[in-house]
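The values are calculated or read from the model by the stated rules, or taken from the named source; none is laboratory data. What you see is a predicted model, and the numbers here were worked out from it, not measured in a lab. Note: ideal-geometry Cβ built from the backbone for every residue, glycine included; neighbour counts use all protein chains shown. Surface areas here come from the heavy atoms of the whole protein model, side chains and all, with no ligands, DNA or RNA. Shrake-Rupley method; radii C 1.70, N 1.55, O 1.52, S 1.80 Å.
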Amino acid sequence: MSFSVGIVGLPNVGKSTLFKALTKKEVKISPRPFTTISPNIGQVSVPDQRLNEIANVIKPGKITPTTIEFVDIAGLVKGAHKGEGLGNQFLAHIRNCDAILEIIRAFEDLEVENVLGEINPEKEIETIKVELLMKDLETLTGLISKLEKKKDRKTLKKINFLTKIKESVSQGKQVSELEMTEEERLKIREYQLLTAKPAIYLLNTNRETSFPLKIPHLKINLKEEEETSDLSEREREELEMKSSLDELIAACYNILNLITFFTVARGKETKAWTIERGSKASETAGKVHSDFEKKFIKAEIVPWNQLVRVSSWSEARREGLLKIVGKDYIVQDGDVIEFKI
Ligand SMILES: Nc1nc2c(ncn2[C@@H]2O[C@H](COP(=O)(O)OP(=O)(O)OP(=O)(O)O)[C@@H](O)[C@H]2O)c(=O)[nH]1
Ligand SMILES: [Mg+2]
């Protein structure tokens with residue numbers, strides 16, 4: 001299972017254009033709004049120079065990068081929660097994603113209908129925000145009325161907690177902005193509220209003009225990315241065209257609080273894996289093989305750069321660089337791990 005990022009925004013802002021540039025999948029792209037109906041789903045390799053450097057010394061038969069999933073979701077419009085445009089059901093596709101990548105139209109093109117009627121990033125963000133908040137309000141109302149049928153004390157506590165959140169949401173506050181304890185934040189996660197998800201904003205623009213946007217955002221010309229996505233590294237250099245997609249993938253990885261560890265399978269395969277920061281060695285073992293979490297006894301660990309420096313696992317052992325850890329060890333970004341079961 002990989003972590004997933006939902007590509008969200010108004011129709012015709014370039015969501016499928018980005019999806020195609022990232023995944024190289026042939027998807028429908030057109031200048032008419034509401035082109036995408038069912039979501040497009042694709043896995044994207046996470047570029048990581050460390051993986052190549054480890055492979056250079058281990059010389060495995062196979063090199064496998066880790067992946068992150070992107071989901072290209074149908075366009076939302078004002079009033080979607082009341083059934084406008086393609087309606088409410090598409091908001092549900094966002095629920096299953098771990099983060100939101102919101103695309104905002106900042107390119108002018110008379111051939112491509114502008115659903116908002118103007119280039120106005122602030123207004124566009126506000127429009128989407130309201131739809132997500134309305135959906136959360138609906139979800140919370142439903143959850144609370146379901147719980148109200150039960151009467152035990154534990155349920156009552158849950159109802160109070162959700163009612164507090166519902167009040168803030170109805171005042172226009174996103175769940176991610178609310179002050180919460182770490183425990184509450186973990187609890188709220190199970191409800192998959194849309195405004196609780198971490199979000200990245202991306203202006204799709206081909207101009208150098210700056211927009212008065214207070215929130216942090218990326219600026220990429222998505223059409224150009226799509227048109228040049230087949231170019232090799234070499235061709236890119238010749239044309240002096242730099243892609244921003246690696247930077248975008250890295251930003252998604254960071255906002256999800258993810259880190260990478262590596263395995264070398266006794267020299268057979270060098271592979272990168274994604275886990276959440278703070279994961280324990282035993283949980284991490286479960287990623288590599290579902291059996292490993294229970295059978296986990298210990299693991300040998302060496303930071304990737306130390307392994308690269310000494311050039312082999314056996315040399316790392318001889319120099320005493322391998323650390324033996326138990327199930328509660330918190331895996332660090334860049335650890336190379338050999339699980340012992
Ligand atoms: N000029 C210009 N056109 C773009 C850019 N990005 C996308 N387009 C065009 O805008 C139109 C809509 O692009 P899509 O990627 O289909 O947009 P979408 O957000 O997936 O739209 P829906 O699926 O309808 O929600 C297509 O004709 C694209 O070629 C851009 O950066 N500049
Ligand atoms: Mg589309």
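Restricting the search to strands (runs of 3 or more DSSP E) fully inside region 7-76 and requiring at least 2 residues that are free of Cβ contacts under 8 Å to residues at least 60 places away in the same chain, more than 13 Å from ligand 2 (Cβ to nearest atom) and open to solvent by 30 Å² or more (accessible area, probe 1.4 Å) gives 40-45.
Can you tell me how many residues in region 24-52 are among the polar types (S, T, N, Q) and more than 13 Å from ligand 1 (Cβ to nearest atom)? The number of residues fulfilling the criteria is 4.
Residues of region 148-194 that are on the phi > 0 side of the Ramachandran plot and surrounded by fewer than 16 Cβ atoms within 10 Å (Cβ to Cβ): Gly172 alone. Do we find that Glu122 is open to solvent by 30 Å² or more (accessible area, probe 1.4 Å) and either under 22 Å from Lys20 (Cβ atoms) or within 16 Å of ligand 2 (Cβ to nearest atom) (or both) in this structure? When the stated conditions are applied, Glu122 does not pass them. Scanning region 237-258 for residues that are of a type outside the set (A, V, I, L, M, F, W, C), open to solvent by 40 Å² or more (accessible area, probe 1.4 Å) and without any contact (Cβ under 8 Å) to a residue 60 or more places away in the chain yields Glu237, Glu238, Glu240, Lys242, Glu247, Asn254, Asn257. Taking the criterion of being touching a helix residue (DSSP H, G or I) at 6+ places or on another chain (Cβ under 7 Å), open to solvent by less than 60 Å² (accessible area, probe 1.4 Å) and of a type in the set (A, V, I, L, M, F, W, C), the residues of region 126-147 that qualify are Leu132, Leu133, Leu137, Leu140, Leu143, Ile144, Leu147.
Pairing each residue of region 209-225 that is within 16 Å of ligand 2 (Cβ to nearest atom) with any residue that is open to solvent by 40 Å² or more (accessible area, probe 1.4 Å), provided the two are 6+ apart or on different chains, yields C-beta distances under 8 Å for Lys223/Asn206. Among the residues of region 259-281, is there at least one that is open to solvent by 50 Å² or more (accessible area, probe 1.4 Å) and part of a helix (DSSP H, G or I)? Yes, some residue in region 259-281 is open to solvent by 50 Å² or more (accessible area, probe 1.4 Å) and part of a helix (DSSP H, G or I). Note on region 290-324: among residues that are in a strand (DSSP E or B) and under 20 Å from Arg50 (Cβ atoms), the one that is nearest to the chain's Cα centre (by Cα) is Pro303.
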